[in-house]
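Structure first, commentary second.
The values are calculated or read from the model by the stated rules, or taken from the named source; none is laboratory data. Values in this document were obtained by computation on a predicted structure and should not be read as measured data. Counting neighbours? That spans all protein chains shown, and the Cβs are built from the backbone with ideal geometry, glycine included. All accessible areas refer to the heavy atoms of the entire protein, side chains included, with ligands and DNA or RNA removed. Shrake-Rupley method; radii C 1.70, N 1.55, O 1.52, S 1.80 Å.
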Amino acid sequence: MRKFRGVILIAGSLFLMLSHAVFAGTVNLPRTGQAKCYTLDGAEIACAGTGQDGEIQAGKAWPNPRFTVSGDCITDNLTGLMWGRNGNFSGNTIMWQEALDYAAQLNSGAGLCGYTDWVLPNVNELESIVNVSEPDPAAWLNGQGFYNVQPDIYWTSTTDADLSFFARYIDILNGYGIVVGKDYSSYILPVRSGQSGGVISLPKTGQTISYSLGDDGDLERGAVWPDPRFTDNGTGTVTDNLTGLMWTKDANAPGLSSCDPGIDKTWQEALDYVTCLNSSSYLGYNDWRLPNKKELYSLIDFSRFNPSLQIRHPFTNVQADIYWTSTTSAYDTNSAWFVDLWYGDLYDGSKYYFFYVWPVRGGIVDNDHDGYTSDVDCNDSNPAINPGAAEIVNNGIDDDCNSATPILTASGSGNNYPVPLFRASLTLNVNASSLGTGTFSYYYTRARLYFVSTLITGISVTNGVATITGAGKVNNVPGYTFTATITNGSPDKMGLQIKKPDNTIYYNAPSKDLSSGNFTVVGQ
């Protein structure tokens with residue numbers, strides 16, 4: 001029996017025990033997906049001041065949409081990995097070697113979706129599609145474009161570092177990442193071997209020994225670890241050159257005596273301990289935090305155990321035991337996620353358990369709590385502007401922290417007379433940075449039509465023509481949508497199409513010259 005591993009392994013069978021700073025790194029870790037906060041007993045609470053994952057939300061934001069479907073395949077826009085959509089490709093559970101063989105068989109003939117480089121995912125790849133904010137990650141994946149994903153365990157190609165006749169799995173029911181004998185039968189979800197076009201890159205697992213053709217040690221997929229992996233800063237801190245995160249060199253709750261250092265703690269005590277470190281500016285910093293699930297798991301070298309850290313790491317006082325994360329289990333909100341540094345296992349348990357604590361800082365964090373995170377948090381005074389790394393043309397947002405940010409607006413009023421004596425008039429004030437609060441109204445006497453917007457959802461500007469979309473009321477009846485075109489020219493023009501709640505055309509006025517009034521359109 002392996003100590004607190006979350007599984008008892010007997011003769012190959014499985015019995016479940018438990019239903020302000022930016023640092024350069026080779027890879028950016030993504031957010032976990034958690035945006036809520038909870039008490040020890042699992043009740044949801046406001047996040048402000050908790051120090052929990054749901055408040056800090058460290059890491060790269062997920063793209064929207066997260067996945068793009070293409071026939072029988074689906075691409076994760078976060079990682080760039082392409083997966084088979086069918087969560088039960090083999091039609092049944094199969095053993096580990098059979099899973100490797102099945103993935104290889106997908107590459108025969110025309111392959112799957114025209115590709116012939118399908119493999120069994122390694123542990124980092126499979127774990128990357130688990131959304132910890134969802135109590136049923138399988139159902140969430142099925143709602144994202146996958147289908148037949150089972151709330152059960154799925155094979156990875158990564159062999160256990162301790163016992164080579166065991167392999168790692170990810171449980172899509174609850175997100176656990178543990179091991180089971182290779183003669184056990186599990187599901188498979190094939191992935192293509194390359195990453196392309198994602199927001200982040202996944203690192204290698206650390207496994208270099210191969211136990212079968214096509215396994216993790218054979219292919220060693222992922223971003224290469226820097227050498228050295230860790231840098232001792234000589235200040236009581238160590239920087240992980242893979243992720244850019246800074247950890248305390250002492251891995252067992254270091255700090256002032258007032259912060260109760262060096263002992264295992266309940267989950268809330270662990271959060272309170274980090275708050276104490278920050279109040280004392282421990283080691284010169286006041287932005288320490290309890291690591292989230294992704295951050296703590298990123299330390300694991302899956303070729304090692306006792307502890308499962310790279311052999312040349314510079315840390316001291318590492319406990320080959322359980323460490324807390326700041327991430328609550330959505331599957332059971334009175335539990336939180338933890339990582340076993342003896343084996344590199346990932347699972348959850350009661351927040352009243354006593355486990356070890358390892359503070360971290362850095363990475364991509366919303367340090368000023370203005371609601372936005374970025375590689376460069378460049379506009380602390382204006383939460384309406386979302387800072388970022390690359391400028392997106394005509395989105396009305398300061399993505400690159402450049403004061404020459406494109407601004408999109410359309411404002412003014414105008415009249416035309418499509419039929420003598422019957423007037424059409426339009427007024428608007430639309431700003432891309434605050435679309436929903438803009439105004440838009442249209443009045444046409446002949447049709448006795450009075451349209452007022454209740455929501456403006458979009459604006460684009462091309463060559464002096466603004467296209468505006470939204471929803472509103474016709475003669476005080478809600479449920480209509482509109483598309484308006486405003487041209488800043490000589491003369492100005494206006495056009496409008498209104499659709500009924502059933503999406504059929506209610507009213508259509510092609511773009512016409514204004515007889516009076518004017519509009520101002522600003523773009524780029």
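List of remarks:
- Yes/no for Gln319 being surrounded by fewer than 22 Cβ atoms within 10 Å (Cβ to Cβ), polar (S, T, N, Q) and over 28 Å from the mean Cα position of the chain (by Cα): yes
- Residue selected from the stretch 235-253 under the condition open to solvent by less than 10 Å² (accessible area, probe 1.4 Å) and under 12 Å from Tyr273 (Cβ atoms), by the criterion nearest to the chain's Cα centre (by Cα): Thr248
- The numbered conditions (1) out of contact with any helix residue (DSSP H, G or I) (no Cβ under 6 Å at 6 or more places or on another chain); (2) open to solvent by 30 Å² or more (accessible area, probe 1.4 Å); (3) not hydrophobic (A, V, I, L, M, F, W, C) are all true for Ser186 except (2).
- Whichever residue in the stretch 437-475 is out of contact with any Phe, Trp or Tyr (no Cβ under 8 Å at 6 or more places or on another chain) and outside any strand (DSSP E or B) and, among such residues, is nearest to Ser425 (Cα to Cα): Arg448
Results for (1) of a type in the set (Ser, Thr, Tyr); (2) more than 16 Å from Met95 (Cα to Cα), shown as yes or no for each residue.
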| residue | (1), (2) |
| --- | --- |
| Asp171 | no, no |
| Asp183 | no, no |
| Ser193 | yes, yes |
| Arg221 | no, yes |
| Pro254 | no, yes |
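- Among all residues of the stretch 288-302, there is at least one that is of a type in the set (Lys, Arg), at pLDDT 95 or above and within 13 Å of Gln52 (Cα to Cα).
- Residues satisfying the stated conditions in the stretch 270-316, i.e. of a type in the set (S, T, N, Q) and either assigned to a strand (DSSP E or B) or open to solvent by 10 Å² or more (accessible area, probe 1.4 Å) (or both): Thr275, Asn278, Ser279, Ser280, Ser281, Asn286, Ser298, Ser303, Asn306, Gln310, Thr316
- Subset of the stretch 345-375 that is modelled with pLDDT of 95 or more, touching a Phe, Trp or Tyr at 6+ places or on another chain (Cβ under 8 Å) and hydroxyl-bearing (Ser, Thr, Tyr) - its residue that is nearest to Ala61 (Cα to Cα): Tyr356
- Filtered by the rule that a residue be within 37 Å of the chain's Cα centre (by Cα) and either surrounded by fewer than 18 Cβ atoms within 10 Å (Cβ to Cβ) or among the polar types (S, T, N, Q) (or both), the stretch 498-524 gives Lys499, Lys500, Pro501, Asp502, Asn503, Thr504, Val522, Gln524.
- Whichever residue in the stretch 224-268 is in a strand (DSSP E or B) and hydrophobic (A, V, I, L, M, F, W, C) and, among such residues, is nearest to Pro203 (Cα to Cα): Phe230
- The one condition from (1) under 18 Å from Thr243 (Cβ atoms); (2) open to solvent by 30 Å² or more (accessible area, probe 1.4 Å) that Val27 does not meet is (2).
- Tallying residues that are surrounded by fewer than 21 Cβ atoms within 10 Å (Cβ to Cβ) and part of a loop (DSSP other than H, G, I, E, B) within the stretch 214-223 yields 3.
Conditions (1) at pLDDT 95 or above; (2) under 30 Å from Glu44 (Cα atoms); (3) among the polar types (S, T, N, Q); (4) in a helix (DSSP H, G or I), marked per residue:
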{"site": "Val132", "(1), (2), (3), (4)": "no, yes, no, no"}
{"site": "Trp140", "(1), (2), (3), (4)": "yes, yes, no, yes"}
{"site": "Ser157", "(1), (2), (3), (4)": "yes, no, yes, no"}
{"site": "Ala161", "(1), (2), (3), (4)": "yes, no, no, no"}
{"site": "Ile170", "(1), (2), (3), (4)": "yes, yes, no, no"}
{"site": "Leu173", "(1), (2), (3), (4)": "no, yes, no, no"}
{"site": "Ile178", "(1), (2), (3), (4)": "yes, yes, no, no"}
{"site": "Leu189", "(1), (2), (3), (4)": "yes, no, no, no"}
